[in-house]
Amino acid sequence: MSGLYEFEFVNDDLIGDEEIASYNRDGYLIIPSAISEATLDLLKDKGAPFGEAPDYPVVLNIHRKQRAFGELMLHETMLNLMKKLHSFDCFGLTSQYFFKKPGSKYAKQSWRPHQDNAYPKAEHGAYTVVHLTVDPSGQENGGLVFWRGSHVEPILEYDYKKSWREEPDEDGIARPGWMIVDMPDKYERVELEVPAGSLVVMHGHLIHGSSPNFSETLTRRQYSMAYLTQNSNYFKGVTSVKQPFRRAELDEMPAEATEFHAN
């Protein structure tokens, strides 16, 4: 059983040589407005039951809990995008669904500068994260911050900190992420402003973080999908267990979620 949901992309071939060169140079690539409003509405609807009011923490591995997210992750267009970047087939590994709902405990979650591949510890370049902006994403509502070109670094020394359901600091801002101890100062800090439906492709070694959402009205939902090339090793982890997610696993999923938190 497969293909229960329809996803509308701006086109089937999202990148060419110019975009690949940009990704290799900067460590990230923005594909603006790549997915239709109808597809975003579907994801909002399917993600809503996982929102744990009143805190709205991040949902880990939602692609294994609600089939729509799994289908999008393994959509031919997404897998082709990964193969064009890496010249290898990739499989899904892990995912996160963010709410950043105004007024909630985790609206002000602000990720400290870190590298995502510090978690799975795959080979350099083998681990890639694609952020789908379900809502418009900017600094006003807690958007991403990148350090352009920093993906060339190895995994730098970091300070461990709890990175899921963490408690806010005294100022009410939650600051997760395995923060880099000695931040290099040679990279440009870029504050992203990205329209809804965009795909932000990010190298696993790119130094990045996010801003708190201080807006009283703007939610910043985001679906982040992590991929790994099939020739790479990785560490499975404990909190967010990382397991290969391929068509076989998708075909075994029920049509609707069997694990979620009701509002």
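Probing with 1.4 Å while keeping every protein chain in the model, the per residue accessible area of the range 201-252 equals 44 Å². Think of the chain as having a plus end and a minus end, set by charges on the Cβ of Lys, Arg, Asp and Glu; of Val181, Tyr23, Leu74, Val181 sits farthest toward the positive end of this dipole. The charge dipole of the range 158-263, taken about the Cα centre with unit charges on the Cβ atoms of Lys, Arg (+1) and Asp, Glu (-1), comes to about 420 debye, rounded to the nearest 20. Since only Ala53, Pro32, Asn11 are under comparison, the one whose Cα sits farthest along the positive direction of the charge dipole of the range 1-63, derived from C-beta charges on Lys, Arg, Asp and Glu, is Ala53. Largest mean-square fluctuation among Glu188, Glu18, Glu252, in a Gaussian network model of the chain whose springs join Cα atoms under 10 Å apart, belongs to Glu18. For the chain, the relative contact order comes to 32 percent (Cα pairs under 8 Å, sequence separation of at least 6). Would you please classify the overall shape of the range 1-115 from the alpha carbon gyration tensor, given that a ≥ b ≥ c denote the square roots of the eigenvalues, rounded means a/c under 1.5, and beyond that prolate means a/b larger than b/c while oblate covers the rest? Taking the square roots of the gyration eigenvalues as a ≥ b ≥ c, the range 1-115 is oblate.
Computed from point charges on the beta carbon alone (+1 for Lys and Arg, -1 for Asp and Glu), the dipole magnitude for the chain about its Cα centre is near 620 Debye. The simple Förster model, with R0 at 41 Å and r as the Cβ-Cβ distance, assigns Asp89 and Glu170 a FRET efficiency of 0.30. In whole percent, and with a 1.4 Å probe on the protein chains, what portion of the accessible area of the range 1-61 is carbon and sulfur? C and S atoms contribute 46 percent here. Straight Cα distances below 16 angstrom link Lys242 to the aspartates and glutamates Asp116, Glu123, with same-chain residues fewer than 8 positions distant left out. Residues of the range 95-137 falling in the label zone of Asn231, defined by backbone nitrogen less than 13 Å from a point 7 Å along Cα to beta-carbon, are 123-126. Among Tyr23, Tyr119, Tyr158, the order of accessible area from largest down is Tyr158, Tyr119, Tyr23, computed with a 1.4 Å probe on protein heavy atoms. Mean residue ellipticity, 222 nm, helices only, the chain: the sum of -39500 (n - 2.57) across DSSP H runs of n ≥ 4, divided by residue count and rounded to 500, is -4500 deg cm²/dmol.
The values are calculated or read from the model by the stated rules, or taken from the named source; none is laboratory data. Note that the structure is predicted; figures quoted are calculated from it, not measured. Note that each Cβ is placed from the backbone with ideal geometry, even for glycine, and that neighbours are counted across all protein chains shown. Accessible surface areas use protein heavy atoms only, side chains included; no ligands, DNA or RNA. Shrake-Rupley method; radii C 1.70, N 1.55, O 1.52, S 1.80 Å.
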